[in-house]
Amino acid sequence: MSEISVRPALITKVLPDSIAAEIGFEVGDRLVAINGTKPRDLIDYKFLCADEVLELEVLDAKGKTHKVEIEKDYDEELGLEFETALFDGLIQCNNRCPFCFIDQQPPGKRESLYLKDDDYRLSFLYGSYLTLTNLTQKEWNRIEQMRLSPLYVSVHATEPEIRIRLLKNQRAEQILEQIKWFQKRRLQIHAQVVVCPGINDGIHLETTLRDLAKFHKGAVPAVASIAVVPVGLTRFRPEEDELIPVTPEKAKEVISQVQKLQGELGKKKGKNCIWLADEWFLIAGEDLPPESHYEDYPQIDNGVGSIRLFLRKFEEAAKILPASVSPERKFTWVVGNAVEKAFQPILETLNKVKGLTVEMAAFPSGYWGQKISVTGLLTGEDLLLNLQGKDLGDGILLPSLMLKHGDTKFLDDRTVEEVAEKLGVRIFPVSGIEGLIEGCVNNQD
């Protein structure tokens with residue numbers, strides 16, 4: 001990207017007691033350059049800040065430019081947070097995958113819901129998946145020079161014609177050559193395979209997994225892990241997308257197929273490199289593998305082992321639950337129906353606290369048209385449809401992963417405040433296990 005497109009990075013937070021706070025940085029200031037170089041993104045910023053002497057060019061909120069010199073330890077951070085990790089703009093996706101969630105949404109919602117990113121920098125920084133189809137030689141060079149590893153790659157299929165069919169992009173055929181590029185440079189990827197029945201399942205899935213597993217060798221395997229994920233479909237998807245949903249029968253078939261491969265390849269390699277997302281077991285109605293199966297949770301953000309890990313962490317955190325609470329209170333805990341069975345032990349533990357009653361409201365998303373839904377996809381409309389007119393007690397415990405980060409908006413753009421008013425009850429967004437326990441113990445009228 002040209003330097004012209006690099007915008008000064010907008011500062012949205014100055015951490016207290018930091019170097020930046022001491023110097024007098026303020027929210028609304030913009031960072032223009034570090035030692036004469038304009039950072040393109042958070043990666044550049046962190047790299048340029050790893051020095052003991054910095055000269056910063058800063059644009060204040062009034063438009064005045066300042067130059068500031070700083071002496072610090074090379075690994076000491078400035079204490080700044082920015083509006084975005086990408087100062088020169090998002091690298092957009094150039095594929096037309098039929099299962100893309102962005103294309104499976106209704107029109108007219110907030111703009112950010114329709115941004116299709118395929119940006120290697122977000123992959124490196126936050127673990128978001130990219131396809132490698134839109135990288136220029138300059139960006140490949142940067143990945144190599146800055147050792148941006150691991151990256152998270154949506155592979156889906158290694159057979160060129162199948163991957164092209166899925167991504168609708170001729171450049172998709174290069175995936176095996178691209179993985180060899182990573183291997184040669186001792187860089188790594190975590191691979192993802194979204195299974196679309198009738199397209200990349202069956203023998204095609206086996207070919208893909210065997211191809212990828214060949215790169216899982218040596219001290220620094222080019223393919224560090226592989227996650228197998230079921231395609232998620234909504235009622236808003238285009239009719240001509242040729243996709244069909246994953247049935248319980250298909251889920252059982254994939255589980256059996258992948259577990260057989262896990263056993264075979266695991267014996268050869270000494271450890272597992274292929275992982276099934278929890279959703280397969282939920283759709284099939286089968287028990288999840290034991291926690292020991294997941295080793296060091298290499299694909300936790302892809303829903304591989306996340307339920308087992310959540311249950312274990314809850315067990316640990318539950319030790320601080322009081323024997324009783326006063327006054328008595330009753331809450332409704334909203335979750336997607338995919339985890340209804342798995343989360344029963346949590347419900348039982350919470351209800352052992354004297355004076356506390358927690359009822360689980362588990363339902364699918366009618367908004368998306370799904371029979372089985374994960375919690376994060378439930379919308380405000382789903383809450384209204386399933387909870388209207390019911391005794392919800394003293395309030396709803398709402399997992400915050402249903403909401404836009406740092407906001408109170410659901411995916412359908414309804415707000416927590418709007419839904420609470422229509423249901424006539426308080427809604428308490430809770431984050432993670434600690435938030436759930438705190439919500440049960442501390443929230444009261």
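The values are calculated or read from the model by the stated rules, or taken from the named source; none is laboratory data. This is a predicted model, so every value here is computed, not measured. So basically every Cβ, Gly included, is an ideal-geometry build from the backbone, and we count neighbours across all protein chains shown. To get the accessible areas, we keep the full protein, side chains included, count just its heavy atoms, and leave off ligands, DNA and RNA. Shrake-Rupley method; radii C 1.70, N 1.55, O 1.52, S 1.80 Å.
In table form, for the structure just shown:
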{"item": "Qualifying residues in the stretch 317-362 (those that are in a loop (DSSP other than H, G, I, E, B) and open to solvent by 70 Å² or more (accessible area, probe 1.4 Å)) - the one nearest to Leu378 (Cα to Cα)", "result": "Glu340"}
{"item": "The stretch 349-370: number of residues that are closer than 12 Å to Thr234 by Cβ and touching a residue at least 40 places away in the same chain (Cβ under 8 Å)", "result": "4"}
{"item": "Checking Ala224 against (1) small (Gly, Ala, Ser); (2) surrounded by fewer than 15 Cβ atoms within 10 Å (Cβ to Cβ); (3) assigned to a strand (DSSP E or B), the condition it does not meet", "result": "(2)"}
{"item": "Residues (farther than 23 Å from Pro245 by Cα and either touching a helix residue (DSSP H, G or I) at 6+ places or on another chain (Cβ under 8 Å) or of a type in the set (S, T, N, Q) (or both)) located in the stretch 360-386", "result": "Met360, Ala361, Gly380, Leu383, Leu384, Asn386"}
{"item": "Residues being open to solvent by less than 20 Å² (accessible area, probe 1.4 Å), under 16 Å from Lys62 (Cβ atoms) and of a type in the set (Gly, Ala, Ser) - total across the stretch 18-37", "result": "0"}
{"item": "Long-range neighbours under 7 Å by Cβ, at least six apart or interchain, first residue over 12 Å from Gln299 (Cα atoms) and open to solvent by less than 20 Å² (accessible area, probe 1.4 Å) within the stretch 271-284, second in a helix (DSSP H, G or I) and of a type in the set (Lys, Arg)", "result": "Ala284/Lys252"}
{"item": "Any hit, the stretch 251-267, residues being farther than 23 Å from Leu151 by Cα, assigned to a loop (DSSP other than H, G, I, E, B) and either at pLDDT below 90 or in contact with a strand residue (DSSP E or B) (Cβ under 8 Å, 6 or more places away or on another chain) (or both)", "result": "no"}
{"item": "Within the stretch 299-316, tally of residues that are in a loop (DSSP other than H, G, I, E, B) and either on the phi > 0 side of the Ramachandran plot or open to solvent by 30 Å² or more (accessible area, probe 1.4 Å) (or both)", "result": "2"}
{"item": "Counted residues, the stretch 140-151 - those being free of Cβ contacts under 8 Å to residues at least 60 places away in the same chain and crowded, with 17+ Cβ neighbours inside 10 Å", "result": "4"}
{"item": "Residue within the stretch 152-170 that is closer than 22 Å to His293 by Cβ and assigned to a helix (DSSP H, G or I) present", "result": "no"}
{"item": "Some residue of the stretch 428-439 being open to solvent by 60 Å² or more (accessible area, probe 1.4 Å), in contact (Cβ under 8 Å) with a residue 12 or more places away in the chain and charged (D, E, K, R)", "result": "yes"}
{"item": "Which listed residue, of Phe215, Phe236, is open to solvent by less than 40 Å² (accessible area, probe 1.4 Å) and either touching a helix residue (DSSP H, G or I) at 6+ places or on another chain (Cβ under 6 Å) or part of a loop (DSSP other than H, G, I, E, B) (or both)", "result": "Phe215"}
{"item": "Test: Thr247 is touching a Ser or Thr at 6+ places or on another chain (Cβ under 7 Å) and open to solvent by 20 Å² or more (accessible area, probe 1.4 Å)", "result": "no"}
{"item": "Selection count where residues are polar (S, T, N, Q), in contact with a helix residue (DSSP H, G or I) (Cβ under 7 Å, 6 or more places away or on another chain) and either at pLDDT below 90 or under 18 Å from Glu76 (Cα atoms) (or both), scope the stretch 1-57", "result": "1"}
{"item": "Residue match in the stretch 9-17 (condition: under 28 Å from the mean Cα position of the chain (by Cα), in contact (Cβ under 8 Å) with a residue 12 or more places away in the chain and closer than 23 Å to Met146 by Cβ)", "result": "yes"}
{"item": "Residue within the stretch 35-47 that is in contact with a Gly (Cβ under 9 Å, 6 or more places away or on another chain) and not hydrophobic (A, V, I, L, M, F, W, C) present", "result": "no"}
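Table: residues versus (1) within 30 Å of Lys168 (Cβ to Cβ); (2) assigned to a loop (DSSP other than H, G, I, E, B); (3) within 22 Å of the chain's Cα centre (by Cα).
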{"site": "Pro39", "(1), (2), (3)": "no, yes, no"}
{"site": "Asp51", "(1), (2), (3)": "no, yes, no"}
{"site": "Gly63", "(1), (2), (3)": "no, yes, no"}
{"site": "Lys67", "(1), (2), (3)": "no, no, no"}
{"site": "Leu78", "(1), (2), (3)": "no, yes, no"}
{"site": "Thr84", "(1), (2), (3)": "yes, yes, yes"}
{"site": "Asn94", "(1), (2), (3)": "yes, yes, yes"}
